[in-house]
Amino acid sequence: MSEAEQLIEDAAKDAPGGWIYGETPPPFRPAYKPEFQPGGKWPVMLTTNPLKDIRSLTMYFPLPPVHASEIHERCPVNILAHLIGHEGSGSPFAVLQDRGLITGLQAGSRISAPDQTLMSVKISLTNEGERRWEEVVKVIFEYCSVIRDTVSQAVVHKDPKALTQMEYIWDEIIQLKRLKFNTNPPGSPYKFAQSLSRGLLF
């Protein structure tokens, strides 16, 4: 065995201990705590007056950590981000763009830590969208309700149609990730190794 191979072999056995290897996960500690806000309830609204001429609306959703193996295997944040950030017909982006309210929408995990997950939905507004921002928020929440009802039908009630929809969504995510992996130019091996290890753990 070469020196490099020996280093790799030793590093593979030098993993840190912790909840990933059998201990109890840390308690849920959300980044935003409603008790610190007036009234102590959700939702919490923060506004800023930017120096640049930008119109942006970001919605944050504090979620329990998804690192526990029985949750991580279902990739809930990935599925939510895929659905909310979708740009196809009937998606929040398509509906709001047709109304002339937004120019862009991105969804994904903002924080993914052992004690919390923070999902974000970042929306670029038009002038009209800035005036009608409550309508934009309403469409996002209505779409979240549709997702919740579909998942409930699939998981709780075992509805065949809802199950087929969930399987179709999962297959679409797999195909898109495979396409991205196969078509992206190779990057830094160091960063690639980091992303792979993060994906395995988180």
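The values are calculated or read from the model by the stated rules, or taken from the named source; none is laboratory data. Note that this is a predicted model, so its numbers are computed, not measured. Quick reminder, even Gly has a Cβ in these numbers, built from the backbone with ideal geometry, and neighbours come from all protein chains shown. Protein only, heavy atoms only, side chains kept; ligands, DNA and RNA dropped before computing areas. Shrake-Rupley method; radii C 1.70, N 1.55, O 1.52, S 1.80 Å.
Taking the Cα centre of region 52-202 as origin, work out the dipole magnitude from +1 charges on Lys and Arg Cβ and -1 charges on Asp and Glu Cβ, in debye rounded to 20.
For region 52-202, the charge dipole is close to 420 debye.
With every protein chain present, what is the per residue accessible area of region 84-202 (1.4 Å probe, Å²)?
On the way: 7990 Å² over 119 residues.
Solvent-accessible surface per residue comes out at 67 Å².
Based on the mean of other beta carbon atoms within 10 Å per residue, what is the order of 114-121, 55-62, most packed first?
114-121, 55-62
Arrange the peptides 26-33, 123-130 so that the one whose residues have, on average, the most other Cβ atoms within 10 Å appears first.
Numbers: 26-33: 13.0, 123-130: 16.8.
Put in order of decreasing packing, that is 123-130, 26-33.
Using a cut-off of 26 Å between alpha-carbon atoms, which lysines can reach Lys33, once sequence neighbours fewer than 8 places away in the same chain are excluded?
Of all the lysines, those that pass the test against Lys33 - Cα under 26 Å, at least 8 places apart if same chain - are Lys41, Lys122, Lys138.
With every protein chain kept in the model, how would you rank Trp42, Trp133 by accessible area, 1.4 Å probe, largest at the top?
Trp42, Trp133
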